[in-house]
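Notes for the one structure printed next.
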Amino acid sequence: MTVDLDVVIDTPDYSVEMKSGLKTLQGSSDAVRTISETVLSGHIPERKTFKGKVRTLLKASFDGSYGQIFTLDIIDQELKKRYREIGWVVFGEILSYFLNESVYADTERLSDAARVIIEDLGEKAEDLNKQLRISAMKNLHDTSYKFNYDVKIRFRKNRDEQVTLAKFDRSTGSTLTAKLDRQVTDIVAAITRLNINTGNGRLQIQGEDETTAFGFNGEYKQIVLKAKKLLSDNLDTNNGLEDDNRIYVRLAARPLRIRDGKVVKYFITSFYEE
């Protein structure tokens, strides 16, 4: 069973410096394989070999910046069965989610089916993101670091129609070296997404247009029930409300910042009761 994908490196002349290009292709392959095997098997693969249950195979290159077609090949029969149960649409949502989440970027609103699968991974979801950041994402960004080229990973519905799963550039690459502030800061925010099993999600700071990732400063299972309920209640309250009518909560958190000072994630340390 194969899934057709491609990588597009946004170069001006349909070519790319070979060593850097190969690292970007390697990172793209490793990211897709690692996410796919984790989702299908429930286990994060420690090693990726040609004998793996899930593999990626290079296919043809194509013009239009520098493009490389590849396939995700699912070899194991049980994993094939699991893939059929999930279906491509939901599987594509999950691939897109983890590709973006590993660089703290937001995604489209998840379907209930995709959300349940991600939540069922529990702590493995955050462990997967951490593993992706160690090498796969660093390699994927190599042409962005060195030549300022954008990189896209896409699903190929057919020769003429592709769906972009994630887009990477120097800005997303900079999140991989983000530093955690020593000091705690107060924030006023609305919860826009929450994984009930890990405590990770996204919030919108009052007065800002974009959402930001958040998690807890410590093991989520040790967090008091009152804090968990505060966040889940706020999410439920704001579901369906216009931005101007959102209800906000006040939290204390340590910001994770990239070099230019932008916060890519907040680690909540405590909360304030109204």
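The values are calculated or read from the model by the stated rules, or taken from the named source; none is laboratory data. Just so we're clear, the structure is a prediction, and the values are computed from it rather than from any experiment. Because the Cβ atoms are built from the backbone with ideal geometry, glycine has one as well, and the counts that use them run over all protein chains shown.
Listing for the model above:
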{"item": "The range 115-164, residues that are modelled with pLDDT of 95 or more and touching a His at 6+ places or on another chain (Cβ under 9 Å)", "result": "151"}
{"item": "Test: residue in the range 6-19 that is modelled with pLDDT under 90 and touching a helix residue (DSSP H, G or I) at 6+ places or on another chain (Cβ under 9 Å)", "result": "yes"}
{"item": "Scan of the range 217-274 for residues that are assigned to a helix (DSSP H, G or I) and of a type in the set (Phe, Trp, Tyr), ordered by number", "result": "220"}
{"item": "Selection within the range 1-25 - under 10 Å from residue 151 (Cα atoms) and in contact with a Lys or Arg (Cβ under 8 Å, 6 or more places away or on another chain)", "result": "7, 8, 10"}
{"item": "Residue within the range 231-245 that is over 20 Å from residue 115 (Cβ atoms) and either surrounded by 13 or more Cβ atoms within 10 Å (Cβ to Cβ) or at pLDDT 95 or above (or both) present", "result": "no"}
{"item": "Test for residue 33: is it under 25 Å from residue 169 (Cα atoms), within 24 Å of the chain's Cα centre (by Cα) and surrounded by fewer than 22 Cβ atoms within 10 Å (Cβ to Cβ)", "result": "yes"}
{"item": "Matching entry among 35, 74 (being among the aliphatic types (A, V, I, L, M) and touching a strand residue (DSSP E or B) at 6+ places or on another chain (Cβ under 7 Å))", "result": "74"}
{"item": "From 94, 86, 9, 74, residue being out of contact with any Ser or Thr (no Cβ under 7 Å at 6 or more places or on another chain), within 24 Å of residue 169 (Cβ to Cβ) and either crowded, with 17+ Cβ neighbours inside 10 Å or not small (Gly, Ala, Ser) (or both)", "result": "94"}
{"item": "Pick from the range 196-215, criterion among the hydrophobic types (A, V, I, L, M, F, W, C) and at pLDDT 90 or above, ranking: farthest from residue 106 (Cα to Cα)", "result": "205"}
{"item": "Residue that is surrounded by the most Cβ atoms within 10 Å (Cβ to Cβ), among those in the range 195-208 that are of a type outside the set (Val, Ile, Thr), over 14 Å from the mean Cα position of the chain (by Cα) and closer than 20 Å to residue 237 by Cβ", "result": "203"}
{"item": "Those residues of the range 102-160 which are farther than 17 Å from residue 40 by Cβ, surrounded by fewer than 18 Cβ atoms within 10 Å (Cβ to Cβ) and acidic (Asp, Glu), in sequence order", "result": "106, 108, 112, 123, 150, 160"}
